[in-house]
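Input: a single structure, listed below in structure tokens.
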Amino acid sequence: MPVVDEKETGRIDEGEPLFVVGIGASAGGLEALRALLPQLPTNAEIAYVIVQHQSSKHKSLLCEISKIY
């Protein structure tokens, strides 16, 4: 179990692990992310890291979508 410094996080270690969940999508996965994001729990001790692979020739909409959630 991780020990969490209350001074850094404002959270006292209650014996529960902190989770980091990685979510990856290709350029075509944008619609899947739009469907997934509203379904993710907002009251859990989870950090989500979202990455999208796409051509550098295209503008990413990931920032705009993530602002909604």
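A few notes on this one:
- Coil-residue trypsin sites (Lys or Arg not before Pro) of the range 34-65, DSSP, other Cβ within 10 Å capped at 16: Lys57, Lys59
- Estimated inter-spin distance, Ser60 and Leu36, nm [label 7 Å along Cα→Cβ]: 1.5
- For Ile50, neighbours were defined as the other residues whose beta-carbon sits under 15 Å from its Cβ, and their charges (Lys and Arg +1, Asp and Glu -1) total 0.
FYI, it's all coordinate maths here, none of it is from the lab. Since the model is a prediction, treat every value here as computed from it, not as a measurement. Counting neighbours? That spans all protein chains shown, and the Cβs are built from the backbone with ideal geometry, glycine included.
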